[in-house]
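This report refers to the structure that appears directly beneath it.
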Amino acid sequence: MKIAALIARILLGVIFLVFGLNGFFHFIPQGAPPTGLAGQFMDVLMASHYAAFVFLLQVLCGFLFLVGLYVPLALTLIAPVIVNILLFHVLMNPAGILPGAVATLLWIIVFCRVRAAFSGIFLKRA
């Protein structure tokens, strides 16, 4: 499990660092933009510069995963991003859900390795 968690952490780091940087530098060729609600949603994220914050968060968490520092913090910060990726694909663009599902699986593997860092949040009383 230790090696699997290390591999999962590094893969998460690569995924989020590369795709976060791609949000700024556009070095990965993109297909046609989505249509319908998915396209409108993406347009709003880009026009409002909300996506820039998400890309910056992805770069930060990807870096933290790769260097192995503050991994519980990186897991906490990237979790809402993963949830939004999954919700976007489940509700608006189901065809592209595979990368989000892979990121979720990797996140769960890394979380299981550092779950002791989260033990305090599951206490009924503080």
If you go through segment 79-91 one residue at a time, do you hit one that is of a type in the set (S, T, N, Q) and farther than 16 Å from residue 19 by Cβ?
no
Flagged pairs (Cβ under 7 angstrom, 6 or more apart or on separate chains; first in segment 67-87, β-branched (Val, Ile, Thr); second surrounded by 13 or more Cβ atoms within 10 Å (Cβ to Cβ) and outside any helix (DSSP H, G or I)) are 71/114
For segment 9-93, please list each of the helices (runs of 4 or more DSSP H) lying entirely inside it that holds at least 3 residues being loosely packed, with under 13 Cβ neighbours inside 10 Å, among the polar types (S, T, N, Q) and modelled with pLDDT of 95 or more.
none
If we scan segment 61-69, do we find a residue that is within 23 Å of residue 116 (Cβ to Cβ), hydrophobic (A, V, I, L, M, F, W, C) and touching a Lys or Arg at 6+ places or on another chain (Cβ under 6 Å)?
yes
Screening 31, 68 for residues that are within 15 Å of residue 9 (Cβ to Cβ) and not hydrophobic (A, V, I, L, M, F, W, C) leaves only 68
When you check residue 6 against the structure, is it in contact with a Leu (Cβ under 8 Å, 6 or more places away or on another chain) and either surrounded by 13 or more Cβ atoms within 10 Å (Cβ to Cβ) or not in a helix (DSSP H, G or I) (or both), yes or no?
no
Go through segment 23-55 residue by residue and tally those that are farther than 21 Å from residue 92 by Cα and out of contact with any helix residue (DSSP H, G or I) (no Cβ under 8 Å at 6 or more places or on another chain).
4
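The values are calculated or read from the model by the stated rules, or taken from the named source; none is laboratory data. Nothing here was measured: the structure is a model prediction, and the numbers come from that model. All Cβ positions, glycine included, derive from the backbone under ideal geometry; neighbour counts span all protein chains shown.
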